Amino acid sequence: MWDTIIIEPFINLLLWISQLVGNFGIAIILFTILTRVILYPLTAKQIKSSAAMQKLQSDKRFIEIQTKYKNDREKLAQEQMKLYQELKINPMASCLPSLIQLPIIIGLYQALIQTMATGPIDLLNLTRHVYPNFLNLAEVLPLNSQFLWMDIGIPERLTIPGLNFGIPVLAIIVVITTFISSKIMTPPSQPGANDQAAMMSKMMNLYMPFLMGWLAWSLQSGLALYFVVTNLVQIAQYAISGTVHWENIAFWKKRAPVKIVDSKSSSRGKS
């Protein structure tokens with residue numbers, strides 16, 4: 001079921017693009033951009049929900065609830081839910097798009113691995129996933145796996161004359177772009193916000209780039225290329241939506257104090 005619905009369509013689409021452009025590295029780039037564009041409605045919904053939750057963090061009533069019921073979690077949850085309903089905010093709306101995208105992202109990852117077949121058994125398994133009426137394997141294979149200085153099917157290293165080791169350029173770029181992507185998408189902490197949640201967010205922003213960098217360093221360079229393009233497209237999508245928090249990486253600038261918003265008075269002013 002998983003292979004039929006997710007893996008096989010991705011593999012055939014990836015091979016079809018590769019046949020059109022004649023290079024598997026370019027195919028991965030185009031394939032990644034295409035899938036991110038298709039998933040953009042879900043991403044846009046997630047961005048909108050996250051912005052609403054971020055705005056709530058500076059709401060005077062929300063901060064008062066956090067302070068008043070900080071020692072009573074049950075009452076705190078009840079009062080927060082009342083405020084969510086009053087402001088018509090769904091706290092799960094920012095999580096649901098990610099849950100929907102997760103199996104698709106896993107499928108993309110598995111499709112890339114299976115398409116980058118490096119041995120006879122891998123090639124045999126690949127042929128079982130190809131639609132015979134859609135692609136002619138004799139025309140598609142072998143794949144042109146050379147892209148710039150790298151071989152898509154093996155871990156990427158840039159060899160420089162005079163050095164007895166290769167430089168993992170893509171892994172370094174993956175670390176940098178993952179760090180930037182996670183930082184600019186994370187709203188700055190607000191007064192009265194949950195300190196534990198903020199600490200967990202900081203830890204994720206610190207550890208995730210190194211985890212992704214290690215994967216890019218140890219796995220096929222095609223996956224590293226996929227990680228880089230995904231990060232760049234994600235940054236672009238958030239920039240288009242106008243919800244990029246560049247101040248999170250502008251560490252040399254002093255942050256302006258956050259203004260507490262009284263949603264009751266602001267709503268009366270509008271009316």
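For the reader, a short list of remarks on this structure follows.
- Contacts under 7 angstrom Cβ, first residue in segment 95-121 being more than 29 Å from GLN146 (Cα to Cα) and of a type in the set (Val, Ile, Thr), partner open to solvent by less than 70 Å² (accessible area, probe 1.4 Å) and modelled with pLDDT of 75 or more, 6 or more apart: ILE100/LEU42
- Long-range neighbours under 9 Å by Cβ, at least six apart or interchain, first residue at pLDDT below 75 within segment 55-81, second open to solvent by 90 Å² or more (accessible area, probe 1.4 Å): SER58/LYS259
- Selection of segment 11-51 for residues being within 18 Å of TYR131 (Cα to Cα), β-branched (Val, Ile, Thr) and in contact (Cβ under 8 Å) with a residue 24 or more places away in the chain yields only ILE11.
- Any hit, segment 4-11, residues being farther than 23 Å from PRO142 by Cα, among the hydrophobic types (A, V, I, L, M, F, W, C) and open to solvent by 40 Å² or more (accessible area, probe 1.4 Å): yes
- Identity of the residue in segment 193-230, polar (S, T, N, Q) and more than 21 Å from THR115 (Cβ to Cβ), that ends up modelled with the highest pLDDT: ASN205
The values are calculated or read from the model by the stated rules, or taken from the named source; none is laboratory data. Note that the structure is a prediction, hence the values are computed from the model and not measured. Here Cβ is always computed from backbone atoms with ideal geometry, including for glycine, and neighbour counts include all displayed protein chains. The accessibility values were calculated without ligands, DNA or RNA, using every heavy atom of the protein model including side chains. Shrake-Rupley method; radii C 1.70, N 1.55, O 1.52, S 1.80 Å.
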